[in-house]
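Some notes on the structure that comes next.
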Amino acid sequence: QVHLVESGGGLVQAGGSLRLSCAASGRTFSTYAMGWFRQAPGKEREFVASISDSGGVLSYADSVKGRFTISRDNAKNTVYLQMNSLKPEDTAVYYCVAALSMAAIARGVYDYWGQGTQVTVSS
């Protein structure tokens, strides 16, 4: 069992930065691929980024490539999403997810997910 808790969301002006964190409970964190997806009001869920269990493989949505960076610290059971050059269209609730593979995350199939953290980017 893995319990995920996101933090770090908030209100920021366009061009600004935020760093989201996702703290995981459980001793099996390092065996899971981790990822982030987001959902804006009235819009479909959107994949943002994922990272392999070891942290050696990364994947990003085209919409965030070059601006967002996903990382993880398995010693701290935490995954991060550094978001730079934020745009109003990045406004959404961001969710941390865990799955047994990055392919599963890309398909939207998760084993665990958090409660989400709101990110609002003003223009």
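The values are calculated or read from the model by the stated rules, or taken from the named source; none is laboratory data. Please read all numbers here as calculations on a predicted model, not as lab measurements. Please note: Cβ atoms are built from the backbone with ideal geometry, for glycine as well, and neighbour counts cover all protein chains shown. Heads up: the accessible areas ignore ligands, DNA and RNA and are worked out on the full protein's heavy atoms, side chains in. Shrake-Rupley method; radii C 1.70, N 1.55, O 1.52, S 1.80 Å.
Side notes on the structure shown:
For (1) under 16 Å from E6 (Cβ atoms); (2) open to solvent by less than 60 Å² (accessible area, probe 1.4 Å); (3) in contact with a Ser or Thr (Cβ under 8 Å, 6 or more places away or on another chain), each residue gets a yes or a no:
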position: P41; (1), (2), (3): no, no, no
position: S50; (1), (2), (3): yes, yes, yes
position: A106; (1), (2), (3): no, no, yes
position: Q115; (1), (2), (3): yes, no, no
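- Criterion: at pLDDT below 95 and not aromatic (F, W, Y) - qualifying residue of G66, G114, G108: G108
- Counted residues, the stretch 55-72 - those being without any contact (Cβ under 8 Å) to a residue 24 or more places away in the chain and more than 26 Å from L11 (Cβ to Cβ): 3
- Test: residue in the stretch 73-88 that is aromatic (F, W, Y), open to solvent by 50 Å² or more (accessible area, probe 1.4 Å), in contact (Cβ under 8 Å) with a residue 40 or more places away in the chain and under 24 Å from Q1 (Cβ atoms): no
- Total residues in the stretch 18-32 satisfying the condition of being under 17 Å from S71 (Cβ atoms), open to solvent by 40 Å² or more (accessible area, probe 1.4 Å) and out of contact with any strand residue (DSSP E or B) (no Cβ under 6 Å at 6 or more places or on another chain): the figure is 1.
- The criterion of at least 3 residues that are more than 13 Å from the chain's Cα centre (by Cα) is met by the following strands (runs of 3 or more DSSP E) wholly inside the stretch 1-109: 10-13.
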